[in-house]
Amino acid sequence: LKFIFGPSAVPALDLVDQRSVTRVRSPNGRTAYQVLGSSGKLYTCYSSCHFCTCPAFGFTVLQKSESLLCKHILAVYLSQALGACQELTVSEEQLTNILLAEEEDEG
């Protein structure tokens, strides 16, 4: 994994080991992932469009194109593959609030 994903591999595996990945699902099937980062901050990841709200994703992946993903997205993919995601079902309104809270943090 480290050969393919570089420096993100070991921290992502640590996040999986700590069960830091939660799949948040609404009744209509909308899904997002929340990952509790090593700093204690909660990041929202979208595996369907390969995006994370963390600063490392914005800088390393989007701006500099130095990496394909951040440790949070890799942790989501590994958790999916290993069946290690925690599950949380929320209302449509709660999921909308989660998604909007991320936009407010960025703005």
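Observations
- Just one residue in the set 8, 65, 91 is loosely packed, with under 13 Cβ neighbours inside 10 Å and in contact (Cβ under 8 Å) with a residue 40 or more places away in the chain; that residue is 91.
- Criterion violated by residue 32 - all others in (1) outside any helix (DSSP H, G or I); (2) closer than 22 Å to residue 1 by Cβ satisfied: (2)
Results for (1) charged (D, E, K, R); (2) at pLDDT 95 or above, shown as yes or no for each residue.
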{"residue": "17", "(1), (2)": "yes, yes"}
{"residue": "22", "(1), (2)": "no, yes"}
{"residue": "50", "(1), (2)": "no, no"}
{"residue": "58", "(1), (2)": "no, no"}
{"residue": "62", "(1), (2)": "no, no"}
{"residue": "72", "(1), (2)": "no, yes"}
{"residue": "75", "(1), (2)": "no, yes"}
{"residue": "79", "(1), (2)": "no, yes"}
{"residue": "86", "(1), (2)": "no, yes"}
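- Count - residues of region 24-50 that are hydrophobic (A, V, I, L, M, F, W, C) and open to solvent by 90 Å² or more (accessible area, probe 1.4 Å): 0
- If you filter region 11-23 down to residues that are under 12 Å from the mean Cα position of the chain (by Cα) and not basic (Lys, Arg), you find that the one that is surrounded by the most Cβ atoms within 10 Å (Cβ to Cβ) is 12.
- Within region 51-60, if we keep just the residues that are closer than 17 Å to residue 6 by Cβ and within 14 Å of the chain's Cα centre (by Cα), the residue that is most open to solvent (accessible area, probe 1.4 Å) turns out to be 56.
The values are calculated or read from the model by the stated rules, or taken from the named source; none is laboratory data. Keep in mind it's a predicted model, so treat the numbers as computed, not measured. Neighbour counts run over all protein chains shown; Cβ positions are idealised from the backbone, glycine included. When the accessible area is computed, the model is the full protein with side chains, heavy atoms only, and any ligands, DNA or RNA have been set aside. Shrake-Rupley method; radii C 1.70, N 1.55, O 1.52, S 1.80 Å.
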